[in-house]
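The values are calculated or read from the model by the stated rules, or taken from the named source; none is laboratory data. All figures in this text were calculated on a predicted structure; none of them were measured in a lab. Here the Cβ positions follow ideal geometry from the backbone for every residue, glycine too, while neighbour counts run over all protein chains shown. What goes into the accessible areas is simple: the full protein's heavy atoms, side chains included, and nothing from ligands, DNA or RNA. Shrake-Rupley method; radii C 1.70, N 1.55, O 1.52, S 1.80 Å.
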Amino acid sequence: MAISFSTLMTSLVFGWLINPTARHRSILMLAFVAASVVLGECTRASSGARGYLTTADTSVVTADVARSLSSSGQFVLSGPSGGTLPELSEDRARNIARLWVKQFFPWVRRSIETARGEKIDPSRLRACSRIYYAESPYEPLDETADGGAARRAYGPWWVVPLCVEGVPQVLLGIASYATDIEVRNDQILLPRLGGSEFVWRGIPPSVGELPVSPERAAQLAAQRTGSRVASVPRLVMPHFRDGGPALARWELTLTPAVRLRTAQGEPPMTETRLFVGPEAAGQFAPVLLRAAPSQPDVTSTTVRISATRGYKEGLTLKRRSSGVVRFLPILPLGR
């Protein structure tokens, strides 16, 4: 099971991705094929491909942030923080991505290539040099009656751009809570009651990075506001129904504070925390966003318990104290 976005396939896959559903492994494979028809564009991560920014411009960050850059001039990004639930490590996520290409890509190849607009050679498809950990805005779900599918869907994700010779062509999302994925004899074994382990999108060459590299996000924020970036970027997930890993955005702290207004024409305001990333599904050009003034403390979702026992309504997602699930595009006015 996973989480999906659209009709028939969209409803099949929507129910599959967004209303996580427990099913046996054979049914899951059918869902894999269906979901591929719906999921669409992707990413060029910071792999060193021509035209992509992979080194931070120290003129757009504060002195403290500049001192924290790696020897290659990149941001040193956070990963799992050792919370109450076990998570996949970066190394394990990379290995799972490698096996996913061999084992599952053939099932979804046609739709990914259609979305990209050209053929993809799976024998040359590799995880790009950097993969990203996207934090969840929600506290971990206690409910596991669906095999943990909703917990995985609304938890943190590894965002894994897959490259051919340094050019990202597929965006693969791997749920960080999917620690019950087994690997035997170089094969992925999914749990019998599984779901929401993976999502994927093909990459049209015109889309570019998705997410943009954190260095590019910092440059965009600084250039458009005139302020400097005062924090290491953090990749944050939206509410899963709003786009999943493909709409993950970089959270940045800026100094001095930025005067801005929203595209809705509200009175000017001052902010230090902004986000860089897609505005909405299908609109992947990076824009500046702010947290909406009103953030729901709890959100209800629905999970499918089993093919025979139906759905469980009203599952409650509790927002983390600093989590953001509603974003507004903004127009900077300067300092």
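Brief remarks on what is shown
- Subset of the range 256-314 that is within 24 Å of Tyr138 (Cα to Cα), at pLDDT 90 or above and of a type in the set (Gly, Ala, Ser) - its residue that is surrounded by the fewest Cβ atoms within 10 Å (Cβ to Cβ): Ala291
Okay, residues lined up against (1) charged (D, E, K, R); (2) at pLDDT below 95; (3) assigned to a helix (DSSP H, G or I):
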| site | (1), (2), (3) |
| --- | --- |
| Leu53 | no, yes, no |
| Ser78 | no, yes, no |
| Leu85 | no, yes, no |
| Arg98 | yes, no, yes |
| Arg130 | yes, yes, no |
| Tyr133 | no, no, no |
| Pro140 | no, yes, no |
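- Hey, Val159 in contact (Cβ under 8 Å) with a residue 60 or more places away in the chain, within 25 Å of Leu53 (Cβ to Cβ) and touching a helix residue (DSSP H, G or I) at 6+ places or on another chain (Cβ under 6 Å) or not: yes
- All conditions but one from (1) in a helix (DSSP H, G or I); (2) more than 17 Å from Pro204 (Cα to Cα); (3) not aromatic (Phe, Trp, Tyr) apply to Glu113; the one that does not is (2).
- Pick from the range 57-90, criterion aliphatic (A, V, I, L, M) and closer than 30 Å to Ala178 by Cβ, ranking: least open to solvent (accessible area, probe 1.4 Å): Leu88
- Which listed residue is open to solvent by 30 Å² or more (accessible area, probe 1.4 Å), touching a residue at least 24 places away in the same chain (Cβ under 8 Å) and among the charged types (D, E, K, R), from Arg116, Arg124, Arg152: Arg124
- Given (1) open to solvent by less than 40 Å² (accessible area, probe 1.4 Å); (2) over 19 Å from Pro332 (Cα atoms); (3) not basic (Lys, Arg), number of the condition Ser206 does not satisfy: (1)
- Entry remark, the range 224-238: residues being open to solvent by less than 20 Å² (accessible area, probe 1.4 Å) and either farther than 14 Å from Val76 by Cα or of a type in the set (Gly, Ala, Ser) (or both) number 6 in total.
- Filter result for Arg201 (closer than 30 Å to Lys318 by Cα, touching a residue at least 40 places away in the same chain (Cβ under 8 Å), open to solvent by 10 Å² or more (accessible area, probe 1.4 Å) and in contact with a helix residue (DSSP H, G or I) (Cβ under 6 Å, 6 or more places away or on another chain)): yes
- Those residues of the range 178-208 which are under 20 Å from Pro156 (Cβ atoms) and out of contact with any Asp or Glu (no Cβ under 8 Å at 6 or more places or on another chain), in sequence order: Asp180, Ser196, Glu197, Phe198, Val199, Trp200
- Residue ID - farthest from Arg234 (Cα to Cα), chosen from residues in the range 155-176 that are open to solvent by less than 10 Å² (accessible area, probe 1.4 Å) and not hydrophobic (A, V, I, L, M, F, W, C): Pro168
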